[in-house]
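Undergrad: I'd like to ask some things about the structure below.
The values are calculated or read from the model by the stated rules, or taken from the named source; none is laboratory data. Note that the structure is predicted; figures quoted are calculated from it, not measured. With ideal geometry, Cβ positions are generated from the backbone for all residues, glycine too; neighbour counts draw on all protein chains shown. In case anyone asks, the SASA skips ligands and DNA or RNA and just uses the protein heavy atoms, side chains included. Shrake-Rupley method; radii C 1.70, N 1.55, O 1.52, S 1.80 Å.
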Amino acid sequence: MTHPLTILGIESSCDDTAAAVVRGNDVVASVVYGQTSLHANFGGVVPEIAARAHAEKLDHCIEEALSKAEVTLADLDGIAVTAGPGLIGGVLSGVMCAKGLSAATGLPLIGVNHLAGHALTPRLTDQVSYPYLMLLVSGGHCQFLIAKSHDQFRRIGGTIDDAPGEAFDKTARLLGLPQPGGPSVEKAAQTGDPKRFALPRPLLNQPGCDMSFSGLKTAILRARDSVVAEKGGLTQQDQADLSASFQAAVTDVLVEKTRRALDIYLQSSPTRPVFAIAGGVAANGQIRTALMALCAALDTDFVAPPLHLCTDNAAMIAYAGLEQMQAGHCDDLTLSARPRWPLDQSAAPMLGSGKKGAKA
Ligand code: KG4
Ligand code: ZN
């Protein structure tokens with residue numbers, strides 16, 4: 001038997017500087033330096049600030065990952081780096097750093113699509129077989145993908161405007177709840193009445209798996225304004241009811257669109273059907289429970305990798321690089337950084353740009 005490959009992964013496409021060492025299916029070390037505090041005053045990620053912070057932190061982050069993994073560069077089989085999609089300055093910082101390491105050591109360089117990193121995580125953590133259905137749902141992404149191989153993905157739907165995490169964050173801001181909005185809206189919703197405000201379920205009346213969340217943000221703004229106009233402010237119960245109504249609307253949309261995506265996926269008669277979820281919004285208890293129930297009803301396994309591997313990290317990049325290298329796909333020093341890089345080249349391009357950068 002050949003020994004499992006040991007790969008260094010590097011991620012810097014958004015607001016997390018990350019490095020990890022993965023050996024086979026084992027995450028030997030994973031280090032993430034977040035930048036939340038650097039962008040806190042600006043209402044979103046500032047690309048130039050992000051790029052500078054990545055350039056400053058990458059080598060420290062890589063050193064820490066190698067030291068935690070108790071390996072040196074000489075123990076590695078390859079260097080995998082996010083080459084897109086994302087904020088171009090950050091992606092360039094990572095790609096240049098990886099090229100420098102590859103040139104100095106002679107190690108193979110592997111350029112990885114960030115979304116492929118997320119999409120292959122269920123194989124890293126649960127050794128799921130192809131094909132499986134994946135929902136990426138975070139502050140920057142929202143799409144359904146059927147993963148057929150390490151480089152073959154079919155996108156069967158996604159958001160046409162904002163990602164749900166963005167909508168959770170905006171809702172929290174409108175209600176005066178702390179950031180990140182997802183956890184605080186979820187907490188407030190626990191004591192709220194999900195039926196008090198009749199919020200829209202966008203695009204549910206249209207066929208297909210595409211989603212839209214920007215109208216929901218506007219609906220929450222209007223509902224809040226009408227309460228404030230009536231009472232002069234929001235009580236804790238108003239906050240809870242608005243949060244619960246918002247969360248119920250997002251859950252309904254995700255569940256119905258997942259039902260349709262599963263329908264399409266199951267038509268391919270996979271031997272052991274699997275639905276996997278990744279991204280920060282996958283942490284939401286109500287959404288998770290509803291999707292689990294849907295999968296159980298359709299005899300489909302539900303896989304949710306641990307949260308630290310669902311959100312941005314470099315272990316997923318190292319693992320995607322490992323699969324690419326095993327398939328004989330390596331890059332050379334001509335590797336370029338790509339701000340946009342759809343996983344499914346045949347799907348119609350997704351328009352718009354989220355607060356965390358271009359949508360792939
Ligand atoms: O995957 P992630 O860490 O970063 C990217 O956006 O790429 O996701 C962060 C997003 C934020 O918008 C955050 O509000 C949301 O995930 N989130 C949640 C929860 N925890 C985090 N949304 C809903 N419920 C949660 N419990
Ligand atoms: Zn991501």
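Undergrad: If we sort 153-161, 112-120 on the protection proxy, mean other Cβ atoms within 10 Å, highest first, what's the order?
TA: 112-120, 153-161
Undergrad: For the chain, modelled as a GNM with alpha-carbon contacts under 10 angstrom, which of 207, 273, 47 fluctuates the most?
TA: Taking springs between Cα atoms under 10 Å, the residue moving most is 207.
Undergrad: Report the accessible area of residue 130, computed with a 1.4 Å probe over the heavy atoms of all protein chains in place, in Å² rounded to the nearest 10.
TA: Surface accessible to solvent at residue 130 totals approximately 60 Å².
Undergrad: Over the chain, what per residue volume does the convex hull of the Cα atoms give, in whole Å³?
TA: 133
Undergrad: For the chain, list the DSSP H helices whose alpha carbon atoms reach 24 Å or more along the long axis and whose average Kyte-Doolittle value is 1.0 or above?
TA: Result, helices passing both filters: 88-105.
Undergrad: For the chain, what is the accessible area per residue in Å², given a 1.4 Å probe and the full set of protein chains?
TA: Per residue, the chain has 42 Å² of solvent-accessible surface.
Undergrad: Just 227, 28, 45 to compare: in a GNM of the chain, with alpha carbon springs under 10 Å, which one fluctuates most?
TA: Fluctuation is largest for 227.
Undergrad: To continue, here is another question. Show me the three semi-axes of the equivalent ellipsoid for segment 217-360, from the C-alpha gyration tensor (sqrt of 5 times each eigenvalue), largest first, rounded to whole Å.
TA: 36, 23, 15
Undergrad: Please report, as a whole percent, how much of the solvent-accessible surface of the chain comes from carbon and sulfur atoms (probe radius 1.4 Å).
TA: In the chain, the share of accessible area belonging to carbon and sulfur is 53 percent.
Undergrad: When 1/r is averaged over all different Cα pairs and the result inverted, which Kirkwood radius in Å belongs to segment 1-89?
TA: Computed over Cα pairs of segment 1-89, the Kirkwood hydrodynamic radius comes out at 13.8 Å.
Undergrad: Give me the Kirkwood hydrodynamic radius of segment 266-307 in Å, from all C-alpha pairs, to one decimal place?
TA: Computed over Cα pairs of segment 266-307, the Kirkwood hydrodynamic radius comes out at 10.9 Å.
Undergrad: Would you mind telling me the antiparallel percentage of the DSSP bridges in the chain, rounded to 5?
TA: 65
Undergrad: OK, next. Within the chain, count lysine pairs with alpha carbon atoms under 15 angstrom apart where the residues are 8 or more positions apart or belong to different chains.
TA: Counting lysine pairs in the chain gives 4.
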